[in-house]
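Undergrad: Okay, handing you the structure first.
Read the figures in this text as sums done on the coordinates, not as results from a lab. Note that this is a predicted model, so its numbers are computed, not measured. Backbone-built Cβ (ideal geometry, glycine too); neighbour counts: all protein chains shown.
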Amino acid sequence: MTSPTRRDWELPASAVTPEALFRSRRQLMRDIAAGSILAAASPLMASLAGSAFAAEADPSAHLYPVEHNPRYVGGRAITGEKFVTTYNNFYEFGSHKKISEAAQALKIRPWTVVLDGLVEKPVEIGIDDLLKKMPLEERIYRHRCVEAWSMVVPWSGFPMKALVDFAKPRAEAKYVMMETFLDPKTAPGQKQHWYPWPYVEALTMQEATHELAFLVTGAYGKPVLPQNGAPLRLAVPWKYGFKSIKSIVRFSFVSERSETFWEKVSPREYGFWANVNPEVPHPRWAQSQERVLGTSDIVRTQLYNGYAEFVADLYTGLSGEPLYM
Ligand code: MTE
């Protein structure tokens, strides 16, 4: 379906990166990584990949691209990198979509991740040491924001289950709470005291260890950029995008969860489960359709964002609760 008038988030269809073209760019990046194309080609690589941002400065750049896992397909054209890296929600850097420049202030090294709470032994680990221990792969996932726009992204990272296994939670752990960095000097949005910083999200242990729950460290065959949640971000594609917390510094295993960021901001509008459900409207807008970022397409939203065959089993006991909440 095409919208009658083009609004700012609707970009021309010509802007979409078809998967085949993306693949040939990947091959080019591999050739560059393998040294068969001169390293001096880096700026060329950035421009070919459609990004104005230089991910090569990231010390983990040599790890990418990682092996593609064909089990997870986007079902639509991959969204052009320039849209994914310039149209963002990252309230730490402003409550609008144009935060990509401001987010470059985020200092992604040193970056320490804490695993604590109901675990055998709390751990603090630097992101580069963590990356060495985790099985990196690439997956193409759909992403559906609660604001009714969507995108398809080739993320790199590792299954969250690998992190949970590494943390060794005790049997009493029922939830994993995740927390974003807190640094108002770097992230001016965190000076807006009416928001309950730091950004916090949570999953049940079943959700966190589900095969689809993915911790993102890269995108488009390179380290993930600050605006998309570097150096470590969640992707839970069957849930609204706000569950996919960015720039994580802590995973705490708990028996009772506390409220998440958006639940505190507006409990009437944003719930804990936040499973994509086209039949449950947001109090201020419908959820039956979504605008596909980088195109002028409007498509029907699917239950669990089209991942029902993977995740519906997780929610069979919850039929009394609206999945949206
Ligand atoms: N994580 C943090 N720390 N802060 C945020 O504002 N926004 C969420 C999610 N994770 C957000 C966050 C929302 S609403 C969405 S839709 C996605 O990040 C957007 O991810 P993207 O900018 O990579 O598209």
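Undergrad: Positive end of the charge dipole of region 124-272 (Lys, Arg +1 and Asp, Glu -1 on Cβ, about the Cα centre): tell me which of T180, L130, F242 has its Cα farthest that way.
TA: F242
Undergrad: Here is a follow-up. Give K132/K246; K132/K168; K191/K222 a once-over and call out the pairs whose C-alpha atoms are over 25 Å from each other.
TA: In this structure, K191/K222 exceed 25 Å between Cα atoms.
Undergrad: Give me the percent of Cα-Cα pairs in region 186-225 that sit more than 15 Å apart, rounded to a whole number.
TA: That fraction is 65 percent.
Undergrad: Right, next: When the expected Rg is taken as 2.2 N^0.38 Å, what fraction or multiple of it is the alpha-carbon Rg of region 101-226?
TA: 1.13
Undergrad: While we're on this one: Please get the size of the charge dipole for region 111-187, origin at its Cα centre, with Cβ charges of +1 on Lys and Arg and -1 on Asp and Glu, quoted in debye to the nearest 20.
TA: In total the dipole reaches around 240 debye.
Undergrad: Moving on. Between region 57-129 and region 258-325, how many Å separate their Cα centres?
TA: 23
Undergrad: Given P196, G306, L318, which one lies farthest toward the positive end of the charge dipole of region 193-325, if we put +1 on the Cβ of every Lys and Arg and -1 on the Cβ of every Asp and Glu?
TA: Toward the positive end, the furthest listed residue is P196.
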